[in-house]
Each structure stands twice: as C-alpha cells, then as structure tokens.
1. Could you check Ser125 against (1) free of Cβ contacts under 8 Å to residues at least 40 places away in the same chain; (2) within 21 Å of His68 (Cα to Cα); (3) of a type in the set (Ser, Thr, Tyr) and say which number it fails?
2. Tell me which residues, restricted to region 21-45, are open to solvent by 50 Å² or more (accessible area, probe 1.4 Å) and assigned to a loop (DSSP other than H, G, I, E, B).
3. Name the residues in region 84-116 that are basic (Lys, Arg) and assigned to a loop (DSSP other than H, G, I, E, B), would you?
4. Take Gly83 and decide whether it is at pLDDT below 95 and of a type in the set (Gly, Ala, Ser).
5. Every residue in region 116-151 that is under 17 Å from Ala91 (Cα atoms) and out of contact with any strand residue (DSSP E or B) (no Cβ under 7 Å at 6 or more places or on another chain), please.
6. Which of the residues spanning region 79-90 are farther than 13 Å from Lys149 by Cα and either open to solvent by 60 Å² or more (accessible area, probe 1.4 Å) or without any contact (Cβ under 8 Å) to a residue 60 or more places away in the chain (or both)?
7. For region 46-66: of the residues being exposed (fewer than 12 other Cβ atoms within 10 Å of the Cβ) and modelled with pLDDT of 90 or more, which is nearest to Pro101 (Cα to Cα)?
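The values are calculated or read from the model by the stated rules, or taken from the named source; none is laboratory data. Small disclaimer: the values here were computed from a predicted structure and weren't measured. Here the Cβ positions follow ideal geometry from the backbone for every residue, glycine too, while neighbour counts run over all protein chains shown. We work out accessible area using only protein heavy atoms, side chains counted, and drop any ligands, DNA or RNA first. Shrake-Rupley method; radii C 1.70, N 1.55, O 1.52, S 1.80 Å.
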Amino acid sequence: MKYRYAWCALTLMAPIASASPIFDGYESYYASQSGALFNARDSKTLQSYSLYPDNTVQQGWEGIANGHRQSVKVADGNIQLNGRKLRLTRARLFPGESTTPDDLGRGTEVYFANGYVCLENTPSSASGTAARHMAVYLIRTGSTPQLFKLPSLFASCLGIRRVGGDIAFPRVTYDYALQRDVPDGVVFTEYRLRGQGFVATSRQVAARFVEAGNVYRFTITSPQSTGEAP
C-alpha cells in the first residue's frame, strides 16, 4: 500500500515540477537564453543636448565601454559611431520593417560588444499597440561598418545571441487560435545574419499569454523544430 501512496504523490507532483516558468516581459525571457551578445548591466542611455548656435538637439553618449573609449551620437536620421557616420536610410532592413528619423530619439539605449554595437528605442510617434514595436539597430563594426534594422515586435538588443559563428535574433509574431482575432500567444522564430542578409532557421519557440489582455506575461509551451537549421 505504501508504494501506491508514493506513486500517487509523485503523480501529483509531476505537473508542478514540469511546469514552465512565467516570464514577466520579453527581456526576462531573452535573459534566460544562452549566448547573449549584450548584457543589460552594460546598457548606456543617450543624453539630449543642444548644439550652438542653432540649438539643434542631438542624442549622445561618450565614455568607456567594452574596454574602449566609445562615442555615439544620433541626429538628423544619422548614427555617428566613433566619428563614422551611418545613415538610417541605408540600413539593411528586415523584411516588413521601415526606418524613420524618430526611431532613435530621447531615451535611446546603446550596448557594446566585441565587433558589434546595438541601439534600441521605442519611436516617439508610437502609441497604442504600436508601442509594442522597438526600433533595434545592430551595427557590425570594423573597417566598413554595416547597419541592420532587426524585426521590431517585442524586440530588444538583449535578444541577440551568438550561436556558433553566427549572430542570431528572434522574429516575434502573434499566434492566434482558430476563429479568434485576438492573439493568445506569440511565436519566436530564430533568424541569423548571413553576409548582408537574414536567414530563418528551423528553431521556433511558442509561448502563451497567461493573463487575458496582457501580452507581456507568458509561458513557453512548445519549442518546435521544422527541420535542420541552415
């Protein structure tokens, strides 16, 4: 009889032990992944300042980051990284994304890593559900810096990872139940930078919202694979 009781106790405990954690926000989920390229502790916030004599406003930060003196300025639709200008309009855009001069305004965060710099901000014109979209620009540094704009829905520089010799990041899309027009979750599809392009891999992770109407609190339900990653 005692074996039966022991089996019952284990059966009752199993769902609790195997329950997926609940994530309060996408950055919390990204922090749980391995290989992060950037660290939340290292973020720098660009500060606003005016230029004499016309009082034009720029955003900028200068200091020591990743073991080197760094300088970042944003103004007039341009990023100036350590004296080198990169035009937002010349960024390699993820399909479906666009670029606007207000992408990187007040409150822009910048991150530094070996070979890469990332800037992120919620565009000042965003309101309502549009505020769920983050402008994320990744710079591949070097003799000829390259600028990429990543997919924006629930995006963050903290979601960018090193996977083997690749740079990987998620594209987040809504997941809808049949015959419903309100999403009940999201799907994270992994993409990688390959040269100047974006390549989808087979790695997908599904998540479900745990509170009605709250798209920022979710649990992972089913890591999926649709074949071998390229």
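1. Unmet for Ser125, out of (1) free of Cβ contacts under 8 Å to residues at least 40 places away in the same chain; (2) within 21 Å of His68 (Cα to Cα); (3) of a type in the set (Ser, Thr, Tyr): (2).
2. Within region 21-45, Pro21, Ser32, Ser34, Asn39 qualify.
3. Arg106
4. yes
5. Gly142, Ser143, Thr144
6. Selection gives Gln80, Asn82, Gly83, Arg84, Lys85.
7. Here the residue is Gly63.
Yes or no, residue by residue, for (1) surrounded by 14 or more Cβ atoms within 10 Å (Cβ to Cβ); (2) touching a Phe, Trp or Tyr at 6+ places or on another chain (Cβ under 7 Å); (3) aliphatic (A, V, I, L, M); (4) within 20 Å of Gly159 (Cα to Cα):
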| residue | (1), (2), (3), (4) |
| --- | --- |
| Phe94 | yes, yes, no, yes |
| Pro101 | yes, no, no, no |
| Gly105 | yes, no, no, no |
| Thr108 | yes, no, no, yes |
| Gly115 | no, no, no, yes |
| Pro123 | yes, no, no, yes |
